[in-house]
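Q: One structure, as structure tokens, below. Some questions next.
The values are calculated or read from the model by the stated rules, or taken from the named source; none is laboratory data. Owing to the predicted nature of the structure, the values given are computational and were not obtained by experimental measurement. Every residue, glycine among them, receives a Cβ derived from its backbone with ideal geometry; neighbour counts consider all protein chains shown.
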Amino acid sequence: MIRPGNKCYADGVFNEWQDVKGVFLEYWFLFPVAMAIAVLAMSSGISGSNFWIPVYILWLGLDPKTGFWLALVTMLFGFSSGLMRNLFQGTVDWKLAWAYLIWAIPGAVVGTLLVPFSPARLLIGLFASFVLAYGIHMIVSTYYRPDPGPMERVPRARTFIAGMLKGLIATGLGKIIMPTMLRQKGVESAAKAVGTTVLVVFVINLIAVTLRLTPGFIDSLSQSWGTMAQILVFAVPGVVIGGQLGPIIAKRLSARGLRLYVGALLILVSAMMAIRALGYA
């Protein structure tokens, strides 16, 4: 019989502790990665999902639909941090946010409901195509930025499509509505446009995360709850901290240089995701 104090017992407990410790710390590197992604996203004004989806699918090897869902969950925590900050600062226009949500919510519902019927290769391909187009847009717009003037009304079709993309491929909403939000008549500052966009994206994120939880998808997720919990233990604190540091760091960087760098990085991400889509069986 093995008793406490016995060397065999002590060795067994030590080995068990080492195993538990090894499993728990398996994804420790996601903490600095999460901080870097959040800082990059907040500094450049793009969605963190552009980088989280490649991390989850290409780096960690998660199932594509699980990777998309987990990216939305991770962003939910990051945007909640940013939303609280904007609410505290009073940089949220509730009336304008509702005017956008009226059209973004139906779009998100449609996009999310299409997910179960969309092959993983198609979703990855759509994501890669959108990220490529946006990366090129960031680089081109750095040198050429026309001024189309103020907007009187919310662009309904554009907002609907933006919400649908968010529901379908977990990205696109903030990128599409931010330029129109900045041009919206009555928005007196860029800070209020950003804060209002954060609120809209947070609500649509929450809807997309919830609606994806169909019975079949929950069964699929149940096989990897432990892994996802370990990932979020390190990713969530990272995005929360990075979300606070991003605006501070952005003030010290060249806006033009950052847009060029992020645009090139997005093109690289889209290329890797396209290769993944072509090779996905």
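Q: Is one or more of the residues making up segment 97-106 farther than 27 Å from Leu232 by Cα, of a type in the set (Phe, Trp, Tyr) and crowded, with 18+ Cβ neighbours inside 10 Å?
A: The answer is yes, given that some residue of segment 97-106 is farther than 27 Å from Leu232 by Cα, of a type in the set (Phe, Trp, Tyr) and crowded, with 18+ Cβ neighbours inside 10 Å.
Q: For segment 97-106, enumerate the residues that are more than 18 Å from Leu211 (Cβ to Cβ) and in contact (Cβ under 8 Å) with a residue 24 or more places away in the chain.
A: The answer is Ala97, Ala99, Tyr100.
Q: Which of (1) aliphatic (A, V, I, L, M); (2) under 22 Å from Arg256 (Cβ atoms); (3) surrounded by 20 or more Cβ atoms within 10 Å (Cβ to Cβ) does Val140 not meet, given it meets every other one?
A: (3)
Q: Shifting gears a bit: Would you check if Val240 is under 20 Å from Ser47 (Cβ atoms) and either touching a residue at least 40 places away in the same chain (Cβ under 8 Å) or assigned to a helix (DSSP H, G or I) (or both)?
A: yes
Q: If a residue must be under 23 Å from the mean Cα position of the chain (by Cα), farther than 25 Å from Leu72 by Cβ and free of Cβ contacts under 8 Å to residues at least 40 places away in the same chain, how many such residues does segment 145-195 contain?
A: Looking only at that region, the number is 1.
Q: Suppose we filter segment 185-215 for residues that are part of a helix (DSSP H, G or I), farther than 30 Å from Leu25 by Cα and out of contact with any Lys or Arg (no Cβ under 7 Å at 6 or more places or on another chain); how many remain? First the steps, then the outcome.
A: Initial filter on segment 185-215 (part of a helix (DSSP H, G or I)): 190-211, 215.
Still in the running and farther than 30 Å from Leu25 by Cα: 190-201, 203-204, 207, 211, 215.
Right, trim to out of contact with any Lys or Arg (no Cβ under 7 Å at 6 or more places or on another chain) and you get 190-201, 203, 207, 211, 215.
The number of residues fulfilling the criteria is 16.
Q: Just one of the numbered conditions (1) over 18 Å from Leu221 (Cα atoms); (2) more than 16 Å from the chain's Cα centre (by Cα) is not true of Ala120; which one?
A: Ala120 satisfies all of (1) over 18 Å from Leu221 (Cα atoms); (2) more than 16 Å from the chain's Cα centre (by Cα) except (1).
Q: All but one of (1) within 18 Å of Val92 (Cα to Cα); (2) surrounded by 17 or more Cβ atoms within 10 Å (Cβ to Cβ); (3) hydrophobic (A, V, I, L, M, F, W, C); (4) more than 14 Å from the chain's Cα centre (by Cα) hold for Val198; which doesn't?
A: (4)
Q: Additional query: Does Arg212 fit the bill of being among the basic types (Lys, Arg) and modelled with pLDDT of 85 or more? Reasoning before the result, please.
A: Working: among the basic types (Lys, Arg): yes; modelled with pLDDT of 85 or more: yes.
Answer is yes for this residue.
Q: Within segment 49-63, which residues are in contact (Cβ under 8 Å) with a residue 12 or more places away in the chain and of a type in the set (Phe, Trp, Tyr)?
A: Residues satisfying the conditions are Phe51, Trp52, Tyr56.
Q: Does Ala250 satisfy the condition of being at pLDDT below 85 and farther than 26 Å from Ile105 by Cβ? Outline the logic, then answer.
A: Details: at pLDDT below 85: yes; farther than 26 Å from Ile105 by Cβ: yes.
Criteria met by Ala250.
Q: Scan segment 143-158 residue by residue and report those that are of a type outside the set (D, E, K, R) and surrounded by fewer than 15 Cβ atoms within 10 Å (Cβ to Cβ).
A: Selection gives Tyr143, Tyr144, Pro146, Pro148, Gly149, Pro150, Ala157.
Q: Same structure again: I'd like the full set of residues that are aliphatic (A, V, I, L, M) and in contact (Cβ under 8 Å) with a residue 12 or more places away in the chain, limited to segment 64-86.
A: Leu70, Ala71, Leu72, Val73, Met75, Leu76, Leu83
Q: How many of the residues making up segment 107-125 are closer than 18 Å to Thr210 by Cα, surrounded by 20 or more Cβ atoms within 10 Å (Cβ to Cβ) and out of contact with any Ser or Thr (no Cβ under 8 Å at 6 or more places or on another chain)?
A: So the count comes out to 4.
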